[in-house]
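Working notes for the structure below.
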């Protein structure tokens, strides 16, 4: 298409009815299914499957071998690590069709999900949360939380630049890269405005 505002590799399959934002790139052997909405400046790695009706915001980075199933919404600036996966049915059975029971999962702005992590459907990932490699997320993850393991457990807090935050006795921490200040109060982290 001469007026196409995004790049797609010759081996990528893009079904009709998709919306793909300007500046996005879709690489080798990836399949974008009907009704997907992909924002501007996204990067979809090789061998990625994006199922029908999935929504990706702007500047979402999807690494190789990722499966994003119906019911998933990723807000702006989300990072999905290599071979991570979402589920969309809590009790799948091959012989029972549960397409009308897909659970919604929202990955909020700026969150990162590490390589080989699994996000069990119906569990939202908070803004700027950081999911460690190989983690299995079985419950909602708060904004700025660092979670690891199987099942995933919170082990700390992360800055918007992806650094572990060390809070002092007054509940304040500073990102070592950006210098931004964060506050921990009543089990929630907020950034100084």
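The values are calculated or read from the model by the stated rules, or taken from the named source; none is laboratory data. As the structure is a prediction and not an experimental result, all values here were calculated from the model. Counting neighbours? That spans all protein chains shown, and the Cβs are built from the backbone with ideal geometry, glycine included.
For the reader, a short list of remarks on this structure follows.
The rows are residues; the columns are (1) outside any loop (DSSP other than H, G, I, E, B); (2) in contact with a strand residue (DSSP E or B) (Cβ under 9 Å, 6 or more places away or on another chain); (3) at pLDDT 95 or above; (4) closer than 19 Å to residue 88 by Cβ.
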| position | (1), (2), (3), (4) |
| --- | --- |
| 1 | no, no, no, no |
| 4 | no, yes, no, no |
| 22 | no, no, yes, no |
| 29 | no, yes, yes, no |
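- Number of positions in the range 34-44 that are surrounded by fewer than 20 Cβ atoms within 10 Å (Cβ to Cβ) and assigned to a loop (DSSP other than H, G, I, E, B): 4
Residue by residue, here is whether (1) surrounded by 14 or more Cβ atoms within 10 Å (Cβ to Cβ); (2) in a strand (DSSP E or B) holds:
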residue: 127; (1), (2): yes, no
residue: 133; (1), (2): yes, no
residue: 143; (1), (2): yes, no
residue: 147; (1), (2): yes, yes
residue: 151; (1), (2): no, no
residue: 176; (1), (2): no, no
residue: 189; (1), (2): yes, yes
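- Members of the range 45-69 that are closer than 17 Å to residue 16 by Cβ and part of a loop (DSSP other than H, G, I, E, B): 51, 52, 53, 54
- Filter result for residue 57 (in the same structural domain as residue 117 (by TED's automatic domain parsing) and in contact with a strand residue (DSSP E or B) (Cβ under 8 Å, 6 or more places away or on another chain)): yes
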